[in-house]
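No value in this document is a laboratory result; all are computed from the given coordinates. Because the structure is a prediction, the values reported are computed rather than measured. We place every Cβ from the backbone using ideal geometry, glycine too, and count neighbours over all the protein chains shown.
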Amino acid sequence: MDIIIWIGAAITLAGFVAIVWSLVTVMRLRRLGLDDTQMRERLARVVPLNIGALMLSMLGLMMVVVGLILS
């Protein structure tokens, strides 16, 4: 069951990296000082990636918990 824990940790790390990437992207967009419509268009591309990253991180954490329970 150790392999499930390590795979889950790797998936969680990948999700966390993607969350940090989306955070950095949004902060860069805020610094550009775009008008409202341009900001909404660019944020519309980042939001699905952010949600996917959260789901990926959640899946990894679930794998870690299942691995801990089974071991």
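Structure summary
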read-out: Net lengthening on full extension, Ser71/Phe16 (0.36 nm per residue, minus Cα-Cα); value: 17.3 nm
read-out: Listed residue (Trp6, Ala44, Leu68) projecting farthest to the positive dipole end of the chain, Cβ model; value: Ala44
read-out: Whole-Hz ³J(HN,Hα) from phi, Karplus 6.51 cos²θ - 1.76 cosθ + 1.60, for region 58-71, glycine and proline x; value: 5, 4, x, 5, 5, 5, 4, 5, 4, x, 5, 5, 7, 8
read-out: Using alpha-carbon coordinates, inclination of helix 2-32 to the longest axis of the chain, degrees; value: 10
read-out: Selected from Leu34, Leu49, Leu59 as most flexible by GNM, with the chain as the system and alpha-carbon contacts under 10 Å; value: Leu34
read-out: Fluctuation leader among Gly33, Gly60, Gly52 - the chain, Gaussian network, Cα springs under 10 angstrom; value: Gly33
read-out: More than 20 angstrom apart: percent of Cα pairs within the chain; value: 43
read-out: Cβ-placed point charges (K, R +1; D, E -1), dipole of the chain about Cα centre in debye, nearest 20; value: 260
